[in-house]
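The values are calculated or read from the model by the stated rules, or taken from the named source; none is laboratory data. The structure displayed is predicted, hence computed values, not measured ones. When we count neighbours, we look across all protein chains shown, and the Cβ atoms used for this are built from the backbone with ideal geometry, even at glycine.
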Amino acid sequence: MFLPEPDKSIIARRAEIIGRMREIVPSPGGVIADERALATYECDGLTAIKQLPLIVVLPDSTEQVAEILKYCHENEVKIVPRGAGTSLSGGAIPLADAITLGMMKFNRILDIDYANRCIVAQPGVTNLALSQAVEAEGLYYAPDPSSQIACSIGGNVAENAGGVHCLKYGLTTNNVLGVKMVTVEGEIVTLGGKHMDSEGYDLLGLVIGSEGLLGVVTEVTVRIIPKPETARAVLVGFLSNEAAGKCVAEIIGAGIIPGGMEMMDKASIQAAEDFVHAGYPLDVESLLIVELDGPETEVDYQIDRVVKIAERNGAVSHRASSSEEERARFWAGRKAAFPAIGRISPDYLCMDGTIPRHQLPKVLHAMAGLSEQHGLRVANVFHAGDGNLHPLILYDANQPGELEAAEAFGSDILKLCVEVGGVLTGEHGVGVEKRDLMPVMFSESDLAQQERVKCAFDPKEILNPGKVFPQLKGCGELNRLDARQIEAKFPNMPRF
């Protein structure tokens with residue numbers, strides 16, 4: 001994983017850029033240029049790659065963001081948007097010749113519209129804060145990434161984040177109704193709104209998950225929904241990962257759509273239990289957490305069905321939550337799995353690939369073989385219901401060669417996901433981490449078509465460069481490629 005070579009001419013203009021940014025954002029601390037202070041922004045959640053930014057700018061209004069982008073566009077200064085910095089794919093890793101645009105001063109909820117069941121919030125508002133703002137009315141925001149206490153809704157939009165309840169309630173894209181966005185030229189546009197559907201092209205769908213390559217979001221309108229009448233979680237233990245994987249496929253095949261269905265292997269069970277004391281069984285190799293929600297009678301009936309399916313697939317234990325506190329404790333262990341693994345390993349890479357559910361047993365078995373091949377441990381914790389894997393590869397960056405081995409291991413896992421009919425990412429995005437694997441999944445023509453979308457929004461290629469595309473063709477090169485393709489297809493076409 002490498003970053004583009006910096007443009008020395010931009011670095012030479014650093015003092016000029018700092019001066020202009022201080023004019024646009026005059027508030028104290030609005031521009032960070034001190035090297036020690038910049039170290040705070042040297043990486044995101046993918047800590048294997050670190051790079052000090054040229055400077056960091058912290059605007060606090062949409063108008064300031066528009067002025068910054070307009071200046072950068074006119075002067076061809078690169079810019080890297082950043083939210084809370086929890087990205088695990090390197091989506092917010094800075095560049096030495098780019099401004100890092102920190103959006104965490106945008107931290108206010110602007111409007112709660114109960115009649116239309118939506119919230120308008122700035123992008124720096126944390127995911128969890130959205131639900132807390134409306135919980136007194138029995139409502140909540142459904143997508144709940146494990147990092148929801150820290151991750152921002154703007155970052156969720158950038159990566160199309162999911163969470164443990166996305167199986168039933170959808171990802172960010174299914175729960176965002178509109179955004180206010182600043183284009184690279186400094187134009188302020190609104191996509192969508194409080195209404196259900198917008199006319200014309202689905203530009204909102206294009207922006208969600210675009211990883212900061214198309215514009216900078218300054219407001220987000222999200223859907224809020226009523227909390228279910230009843231929600232209960234069941235812990236189901238198995239003596240093998242393969243048996244748990246088969247159970248997942250059979251539950252969904254039976255037409256049961258749980259509110260959430262997560263899977264943890266022995267290493268992650270032990271780590272989470274030691275950290276949170278969630279009440280997990282420690283004598284099993286694999287654990288499913290299956291949550292059913294809805295009317296109480298329906299929940300009880302569905303729990304009985306899930307338990308019977310689990311027993312047919314070799315479950316050796318099962319336990320349903322008997323109170324809301326116990327249900328929350330079951331989920332607390334799952335949501336703390338990532339930091340819990342951090343207690344037993346100096347470093348780890350958190351991968352993110354998605355596979356067809358019926359391939360879970362095969363992939364988990366193959367992953368065990370890859371662990372032996374690369375000589376590194378792996379802990380599995382993931383959204384089993386929709387096949388979104390999060391293998392945690394344990395390594396020690398202080399041991400020569402282990403980081404490289406971990407990256408090779410992760411690459412093999414993602415290639416395996418594509419091989420069995422899956423995709424490179426589920427919710428963490430491509431960023432830097434998966435960028436060089438894009439040709440494994442997409443043909444050259446596929447990538448060129450995606451790059452044309454990037455060029456339509458950002459013709460000078462200054463927004464978050466070096467991310468997503470392994471070798472971004474220049475917009476001029478793509479235009480010439482189009483011309484050659486047309487000429488080859490229509491050799492006798494008149495020229496004017």
>> Let me spell it out: the conditions are (1) buried (at least 17 other Cβ atoms within 10 Å of the Cβ); (2) in contact (Cβ under 8 Å) with a residue 24 or more places away in the chain, and E42 meets all of them except one. Which number is the exception?
In response: (1)
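Which of the residues that make up region 109-119 are in contact (Cβ under 8 Å) with a residue 12 or more places away in the chain and in a strand (DSSP E or B)? Steps first, please.
Taking region 109-119 as the starting set, the residues that turn out to be in contact (Cβ under 8 Å) with a residue 12 or more places away in the chain are 109-110, 112-114, 116-119.
Answer for region 109-119, where residues must be in contact (Cβ under 8 Å) with a residue 12 or more places away in the chain and in a strand (DSSP E or B): I109, L110, I112, D113, C118, I119.
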>> Quick check on this structure: which one of I225, I269, I251, I257 is among the β-branched types (V, I, T), surrounded by fewer than 20 Cβ atoms within 10 Å (Cβ to Cβ) and more than 30 Å from R82 (Cβ to Cβ)?
In response: I257
>> touching a residue at least 24 places away in the same chain (Cβ under 8 Å) and touching a Ser or Thr at 6+ places or on another chain (Cβ under 7 Å): is that true of L177 in this structure?
In response: yes
> In region 374-389, how many are at pLDDT 95 or above and in a loop (DSSP other than H, G, I, E, B)?
Replying inline: 3
>> For the condition more than 17 Å from L128 (Cα to Cα), assigned by TED's automatic domain parsing to the domain that holds G215 and not aromatic (F, W, Y), what is the one hit in D60, D97, D113?
In response: D113
> Quick one: how many residues across region 369-399 are touching a Lys or Arg at 6+ places or on another chain (Cβ under 6 Å) and in contact (Cβ under 8 Å) with a residue 40 or more places away in the chain?
Replying inline: 1
> Does region 320-331 include one or more residues that are crowded, with 18+ Cβ neighbours inside 10 Å, over 15 Å from D265 (Cβ atoms), within 20 Å of the chain's Cα centre (by Cα) and hydroxyl-bearing (S, T, Y)?
Replying inline: no
> Can you tell me how many residues in region 195-210 are surrounded by fewer than 22 Cβ atoms within 10 Å (Cβ to Cβ) and within 19 Å of the chain's Cα centre (by Cα)?
Replying inline: 4
>> Residues that are assigned to a loop (DSSP other than H, G, I, E, B) and either in the same structural domain as G45 (by TED's automatic domain parsing) or touching a Gly at 6+ places or on another chain (Cβ under 9 Å) (or both): does region 353-373 have at least one?
In response: yes
> Yes or no: L292 modelled with pLDDT of 95 or more, hydrophobic (A, V, I, L, M, F, W, C), touching a Lys or Arg at 6+ places or on another chain (Cβ under 8 Å) and under 17 Å from V164 (Cα atoms)?
Replying inline: yes
> Across region 418-466, what is the total count of residues that are assigned to a helix (DSSP H, G or I) and over 24 Å from S147 (Cα atoms)?
Replying inline: 22
> Among G90, G138, G102, G124, which is farther than 29 Å from V25 by Cα and in contact with a Lys or Arg (Cβ under 8 Å, 6 or more places away or on another chain)?
Replying inline: G138
>> Exactly one of these conditions fails for A332: (1) without any contact (Cβ under 8 Å) to a residue 60 or more places away in the chain; (2) of a type in the set (A, V, I, L, M, F, W, C); (3) more than 20 Å from G279 (Cβ to Cβ). Give me its number.
In response: (3)
> So which of D446, D347 is touching a Ser or Thr at 6+ places or on another chain (Cβ under 9 Å) and surrounded by fewer than 22 Cβ atoms within 10 Å (Cβ to Cβ)?
Replying inline: D347
> Here are V164, V236: which of them is modelled with pLDDT of 95 or more and either surrounded by 24 or more Cβ atoms within 10 Å (Cβ to Cβ) or over 25 Å from R108 (Cα atoms) (or both)?
Replying inline: V236
> Of the numbered conditions (1) touching a residue at least 40 places away in the same chain (Cβ under 8 Å); (2) assigned to a helix (DSSP H, G or I); (3) closer than 17 Å to S89 by Cβ, K415 satisfies every one except a single condition; which is it?
Replying inline: (1)
> When region 442-462 is examined, which residues are found to be under 18 Å from L204 (Cα atoms) and among the hydrophobic types (A, V, I, L, M, F, W, C)?
Replying inline: V453, C455, A456, F457
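Yes/no matrix, rows are residues, columns are (1) charged (D, E, K, R); (2) touching a helix residue (DSSP H, G or I) at 6+ places or on another chain (Cβ under 9 Å); (3) surrounded by 22 or more Cβ atoms within 10 Å (Cβ to Cβ):
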{"position": "S89", "(1), (2), (3)": "no, yes, yes"}
{"position": "D113", "(1), (2), (3)": "yes, no, no"}
{"position": "C118", "(1), (2), (3)": "no, no, yes"}
{"position": "N127", "(1), (2), (3)": "no, yes, yes"}
{"position": "N174", "(1), (2), (3)": "no, yes, no"}
{"position": "M181", "(1), (2), (3)": "no, yes, yes"}
> (1) under 11 Å from the mean Cα position of the chain (by Cα); (2) more than 19 Å from K335 (Cα to Cα); (3) not aromatic (F, W, Y): which one isn't true of G124, the others all being true?
Replying inline: (1)
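For the structure I just gave you, tell me whether L478 is at pLDDT below 95 and either aliphatic (A, V, I, L, M) or in the same structural domain as G215 (by TED's automatic domain parsing) (or both).
Taking the combined requirement at face value, the residue satisfies it.
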>> So in region 120-162, with the set limited to residues that are outside any helix (DSSP H, G or I) and among the polar types (S, T, N, Q), which one is farthest from K434 (Cα to Cα)?
In response: Q122
>> Any residue at all in region 362-370 that's modelled with pLDDT of 95 or more and within 21 Å of G333 (Cβ to Cβ)?
In response: no
